[in-house]
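The values are calculated or read from the model by the stated rules, or taken from the named source; none is laboratory data. These numbers come from a predicted model, not from an experiment. Ideal geometry is used to build each Cβ from the backbone, glycine not excepted, and the neighbour counts take in all protein chains shown. Surface accessibility is based on the protein's heavy atoms, side chains included, excluding ligands, DNA and RNA. Shrake-Rupley method; radii C 1.70, N 1.55, O 1.52, S 1.80 Å.
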Amino acid sequence: MHVGSTIAAPRPISQVRTAFPYHGCRRASIQPLRTTATAAATTTSTQTHLANLERLLQKQSSSPPLFTPNPGKDPDSPDSTSGGGGGGGGGLLSALNLPSLFPSSRKQPEEMSPRTLTRLHRLLYDSPRPSPRGPIASRWRHYHGAADWAGLLDPLDENLRRELVHYGDLVQAAYHAFHSHPEASLDAPRHVALPDRSYRVTRSLFATASVELPRCLDRFAAPWMTQRSSWIGYVAVCDSDHEIRRMGRRDIVIALRGTATCLEWAENFRAGLVPVDDGSDNSTLRSPHAPKVECGFWSLYKTAGDRVPSLSASVVEEVRRLVNQYKGEELSITVTGHSLGAALAVLVADELSSSIPDAPPIAVFSFGGPRVGNRGFADRVEGGGVKVLRVVNAHDMVTRVPLGVAPPEAAERDLGSKWWPARVLERMDGYADVGRELRVDSRASPYLRPDADPACCHDLEAYLHLVDGFMGTDYPFRSNAKRSLARLLSQQGGNVKKLYMSKARELRIGQLDPSPAAAAATATATAAGGGALSRVPSCLASPSS
């Protein structure tokens, strides 16, 4: 092993090259913490320091590597050395606090931790270094779901992973735009700080509830909590020639946030199924096989406000305008959302497929979405050519609801429809999932506690963290994942393992408060992934506020 470094106290060690047993070679920069060293330690020769450090780095883990996805081709992977005491070097090695960074036990993937202080430092800061997105022009339809993502999900294709994180960040921008100014006027244009400057926002979108809170609660709640219409997302279009060439088409995106107001929560609990009223014959609507969706979702999608059109009308009008504006170009329509936004995204995609003549390929990328409708609705969506990829955390309860109050739809097939009256079969109509599923697991993350609470399991930033680290069902968490932990710490500090919380405090990163109240009121200052953490105005706690 070759170690190349120059140490002249109190200068830090830099550019230490070491051979890794199963991930090839890479360069790592180790910055020691400032400590008080003894006179003897500061006069130790350079050769002694190098010898001690080399012996430390050569000490390998007694257990074999868990997984070798691409031997010798993973320059960003942490090394597999496990640190012991590593004598010598006096205050220098003590300053690195190696015992806590190099745990000797590697029993489970979730016990893994970064192997260098440099890597931990970078992950804990809000680093603007996402995984680079490569060219997908030749296969963009494949990544957009043309073949239902066959062969791309397990193990997860690296290009699809990057696209998923990219669309998830666009949903985060919708959250940030709303929570930064929840009381912004409906008439004034809302600024959205997009994480990808290749896109340009063309229209704001609003959702209107059909329910109202009792008047007696008006004096206890902020105006934005009780107003029926709220800003819920935006339509954007890719305007960058470079990005269009990379993707192989011009992309139109509809991004929708999740539940954030009292009235939206009230609509969420209206779980009864209602027919999809699209002008079909009434007898068809009364059929036990008629497409039906959750009452509250349908209300938020179709209800118009006093000063704003319905979400349905706004989306169709704007997408139709953009399709006409860029007629003749290769286009795609991508609808993405989280939680409530994921449910509304399916309704948006379904309507666009039937209301826009010769519609471009339409795909839905949803995160933590509940079930939207019955099997008849799922068949309708898939029959209309819409491709839906649902990212689901195995421990997210929201993805399992609504459950419905009837036996499974399979009962109709098992019992035989000819023996049962239509009114009985109609009561058996329950909710069904639509599209393909990409299942991640919060317990597979080496950073999250295995007993993370339901809010963490449903949080959008936690979802993006899991997607960025997911390689496959039988694979450990991706060792070279690049997504910063800063936002995860700020929003879900109480669910992050103590090792990383303590290191974040040592590095003085943000105002970290693990309490649920603080997590609900804290967000990043920018949506672009850079900058410090800052407080935003307190608003109604929601799964990803």
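Numbers at a glance
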read-out	value
Output for segment 227-268, where each listed residue is buried (at least 18 other Cβ atoms within 10 Å of the Cβ), among the polar types (S, T, N, Q) and either out of contact with any helix residue (DSSP H, G or I) (no Cβ under 7 Å at 6 or more places or on another chain) or not in a loop (DSSP other than H, G, I, E, B) (or both)	Gln227, Ser229, Ser230, Asn268
Members of segment 434-479 found to be outside any strand (DSSP E or B), aliphatic (A, V, I, L, M) and out of contact with any Pro (no Cβ under 7 Å at 6 or more places or on another chain), listed by number	Val434, Ala452, Leu460, Ala462, Leu464, Leu466, Val467
Subset of segment 454-476 [under 15 Å from Thr399 (Cα atoms) and surrounded by fewer than 24 Cβ atoms within 10 Å (Cβ to Cβ)]	Pro454, Ala455
Filtered residues of segment 219-243 (kept if free of Cβ contacts under 8 Å to residues at least 24 places away in the same chain and more than 27 Å from Trp265 (Cβ to Cβ))	Asp241
Of residues in segment 193-214 being outside any strand (DSSP E or B) and more than 21 Å from the chain's Cα centre (by Cα), the one farthest from Asp241 (Cα to Cα)	Pro214
Condition check for Arg250: of a type in the set (D, E, K, R) and under 23 Å from Val398 (Cβ atoms)	no
Ala207, sole failed condition from (1) in contact (Cβ under 8 Å) with a residue 40 or more places away in the chain; (2) open to solvent by 10 Å² or more (accessible area, probe 1.4 Å)	(2)
All positions within segment 131-186 that are over 28 Å from Glu329 (Cβ atoms) and open to solvent by 50 Å² or more (accessible area, probe 1.4 Å)	Gly151, Asp154, Pro155, His181, Glu183, Ser185
Matching entry among Leu120, Leu164 (being assigned to a helix (DSSP H, G or I) and at pLDDT below 95)	Leu120
Ala290 vs. criteria farther than 19 Å from Trp140 by Cα, part of a helix (DSSP H, G or I) and touching a Gly at 6+ places or on another chain (Cβ under 8 Å)	no
Selection from segment 477-486 of residues that are among the hydroxyl-bearing types (Ser, Thr, Tyr) and either in contact with a Gly (Cβ under 6 Å, 6 or more places away or on another chain) or open to solvent by 20 Å² or more (accessible area, probe 1.4 Å) (or both)	Ser479
Residue within segment 358-368 that is in a helix (DSSP H, G or I), modelled with pLDDT of 95 or more and either open to solvent by 10 Å² or more (accessible area, probe 1.4 Å) or among the aromatic types (Phe, Trp, Tyr) (or both) present	no
